[in-house]
Number of protein chains: 2
Amino acid sequence: MHIDMSYGSGGKQTTSLINEVFVKHFSNPTLEKMEDSAVLTVKEKIAFTTDSFVVTPMFFKGGDIGKVAVCGTVNDLLMMGANPKYLTTGFIIEEGADLNELERIAASMAMTAKEAGVQIVAGDTKVIEGKGGIYINTSGIGEIEKEGISISSCKEGDVILLSGNLGEHHAAIMSHRMEIENDIKSDCAPLKEIVLNLIAAGIDIHCMRDVTRGGLATVLNEVSSSSACKVVIEEKALPVSPQVEGFCDILGLDPLYMANEGKLIAVVPKADADKALQVMKASKYGENAAIIGKIENGTKVIMATPFGGNRVIDVLYGEGLPRIC
Amino acid sequence: MHIDMSYGSGGKQTTSLINEVFVKHFSNPTLEKMEDSAVLTVKEKIAFTTDSFVVTPMFFKGGDIGKVAVCGTVNDLLMMGANPKYLTTGFIIEEGADLNELERIAASMAMTAKEAGVQIVAGDTKVIEGKGGIYINTSGIGEIEKEGISISSCKEGDVILLSGNLGEHHAAIMSHRMEIENDIKSDCAPLKEIVLNLIAAGIDIHCMRDVTRGGLATVLNEVSSSSACKVVIEEKALPVSPQVEGFCDILGLDPLYMANEGKLIAVVPKADADKALQVMKASKYGENAAIIGKIENGTKVIMATPFGGNRVIDVLYGEGLPRIC
């Protein structure tokens, strides 16, 4: 069965779509009340964020647009030291979208939300003309567990950790589009365990960022400009799987600019770095974590190459890969 | 200048778009921090909601997609007795969209947010292929000022008030699309003053709903089914402007099924009804408020016609008008 424009009318078909797909899968007492807003009780200090997802194809190795939509917003909350609690979701559905695919996406969102410990408490559905595509916005609220984490808090001497292998989401999407057969899966994942374990271990996290569109290069440049510091990383310390490395070699891609959906950097005081690395490695999705560099006085992002050279790493310019997330 | 795919890359162009359009207009200390999430201090009891907007044309008499996007979410928060505080906004922009139009939309959102007393504290931008359209999601947080307001709280004997004239948003959009010249303006407006004044006056509001897609008929049916009651309205009590009435007569439209973007119903105890009406009439956007009906024991929505008849009012079935909000 396919969605037509009447499913966006706000009338009978909209209600049946909401009940038979969204309420069925996202089921919880708040959502089922069908009020104009969810009424919630939260701690005084919260994090609040939003993200829209337009990834194509909608289903790919290691995930789908629904999984990415939940992970993306959950991870943005975690990066501010918040424990993700509640999500809303807004669907913009192109006419002709397949109802079974929509239901698979909703089921995947529900499963990922369960893993991340968040409830989907409100939603909205619109239908537009088009070719059967689905766009998803998720917004989220988390309760702050550790205050003061900020992109502008990095200090000279701090150490930079990366939670795992670079480039996997990007390589998986690109492989699918180019019909290249390989075993590369998207890394898309909720990073709750890594973050909450770091906080519970008492690590004095100065800054965290998830590494998504624009890749590690762009994130590190944001650190450098917001914290007014120099970022120095070691090329040989960057974790990349042999499959992704091979993929990049063939296509001339640089893992530094490739998108991930389940990786973060954490910037911590030098004294906490080894413990932070142990905690990451012992956490789900953190087994390939590595110390990749440090913060110095100065400006720019510099990468030390294995041959003793230094390369200035700029932000992504132009289009990496359209509709990657 | 037009937006191309590189503006969605997450790199340099995305940053320039964010700074030159969104940060410029939405300017506030939280947004300017450019963190992954906004960190906020709120009361313990909050309302949380989301809405996506796909209205076409993007500019119309009385408003634009940006104004509607702010009003829609602000009003959904108000309907639960919450004072709207913070919004996020997610833009999905089709390649070829005009940068000046995007900036006009952002400016309109900023102005409406100011009127509604909300801050836009986080955002996201994606670019997709297409024909220059712009889709906007807004999600919002409000602080609960009055608890217990619910679509399921209507009681026998309660009185139903409508805050003003029906059908204006629908008629304005339709006039624009059909190139019919008239003076009908969209009613899109933030209903903060009406709601906060009702609460401040001590009105024991049982239920509020804004009257949007699906029209008054659909909202009243939601009241009837959620509160397990009969809803009885008087046709002659329904406020409709002469312009909209004439428009409906010519095109065979029924104001009961037409979308509004600045109207609400409030269901209150009979003892509070006259005072509630006075408060509404004295509030901005409430000057045409009217008592339109009451809650009885039973089921269904019934409208008493001026000729002594009774008509059963069902929800909207099929498509009212695509992409109305």
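Values quoted throughout were computed directly from the atomic coordinates according to the rules given, and no laboratory measurement underlies them. Predicted model, so just to flag it, every value in this text is computed and none were measured. All Cβ positions, even for glycine, are placed from backbone atoms using ideal geometry, and neighbour counts span all protein chains on display.
So here's what we get for this one:
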{"item": "Difference of contour (0.36 nm per residue) and Cα-Cα distance, B:Lys114 to B:Ala304", "result": "64.3 nm"}
{"item": "Under 13 Å from B:Lys275, Cα to Cα: aspartates and glutamates that are on another chain or at least 8 residues apart", "result": "B:Asp204"}
{"item": "Partner chain coverage, peptide A:68-77 - average Cβ within 10 angstrom", "result": "1"}
{"item": "Hydrodynamic radius of the stretch A:208-256 per Kirkwood, over alpha carbon pairs, in Å", "result": "12.2"}
{"item": "Subset of A:Lys24/A:Lys45; A:Lys24/B:Lys33; A:Lys155/A:Lys263; A:Lys61/A:Lys284; A:Lys131/B:Lys85 violating a 28 Å alpha-carbon distance limit", "result": "A:Lys24/A:Lys45; A:Lys24/B:Lys33; A:Lys131/B:Lys85"}
{"item": "Selection from A:Gly10, A:Ile93, A:Val70, by position along the positive dipole direction of the stretch A:5-144 (Cβ)", "result": "A:Val70"}
{"item": "Other protein chain Cβ atoms within 10 Å, averaged over every residue that makes up A:117-128", "result": "4"}
{"item": "Computed FRET value (nearest 0.05) for A:Met34 with A:Asp204, which takes r as the C-beta separation and R₀ as 30 Å", "result": "0.10"}
{"item": "Selected from A:Gly309, A:Gly167, A:Leu102, residue furthest toward positive end of dipole (chain A; charges at beta carbon)", "result": "A:Gly309"}
{"item": "Longest site-free stretch - chain A; sites: chymotrypsin sites (Phe, Trp or Tyr not before Pro), DSSP loop, at most 16 other Cβ within 10 Å", "result": "A:1-306"}
{"item": "For the stretch B:5-144: relative contact order, % (alpha-carbon pairs under 8 angstrom, 6 or more apart)", "result": "39"}
{"item": "Qualifying trypsin sites (Lys or Arg not before Pro) in the stretch B:102-148, DSSP loop, other Cβ atoms within 10 Å at most 14", "result": "B:Lys131"}
{"item": "Cα-centre dipole for the stretch A:159-312 with unit charges at Cβ (Lys and Arg positive, Asp and Glu negative), debye to 20", "result": "460"}
{"item": "Cα-centred dipole magnitude for the protein assembly as shown, charges only on beta-carbon of K, R (+1) and D, E (-1), debye, nearest 20", "result": "1020"}
{"item": "For chain A, size of Cβ-based charge dipole, Lys and Arg +1, Asp and Glu -1, in debye", "result": "560"}
{"item": "Long-range Cα-Cα pairs in the stretch B:1-103 (distance over 19 Å), rounded percent", "result": "54"}
{"item": "Using alpha-carbon coordinates, inclination of helix A:242-251 to the longest axis of chain A, degrees", "result": "90"}
{"item": "The stretch A:159-312 pair-distance distribution - Cα-Cα, 10 Å bins, rounded %", "result": "11, 41, 35, 11, 1"}
{"item": "Global size of the stretch A:63-158 as Cα Rg and Dmax, reported in angstrom", "result": "16.1, 55"}
{"item": "Chain B: radius of gyration over Cα atoms, expressed as a fraction of 2.2 N^0.38 Å", "result": "1.03"}
{"item": "At 7 Å out from Cα toward Cβ: B:Glu103 inter-copy label distances (nm, ascending)", "result": "4.8"}
{"item": "Kirkwood Rh in Å, taken over the protein assembly as shown so that all alpha-carbon pairs contribute", "result": "25.5"}
{"item": "Positive-pole candidate from B:Val211, A:Gln119, B:Phe53, dipole of the protein assembly as shown, charges at beta carbon", "result": "A:Gln119"}
{"item": "For A:10-19, mean number of other protein chain Cβ atoms within 10 Å", "result": "5"}
{"item": "Rg and Dmax [Cα atoms of the stretch A:145-190; Å; Rg one decimal, Dmax integer]", "result": "16.6, 45"}
{"item": "Exam field: B:Lys281 pseudo-label spacings to other copies (7 Å along Cα-Cβ), nanometres", "result": "7.6"}
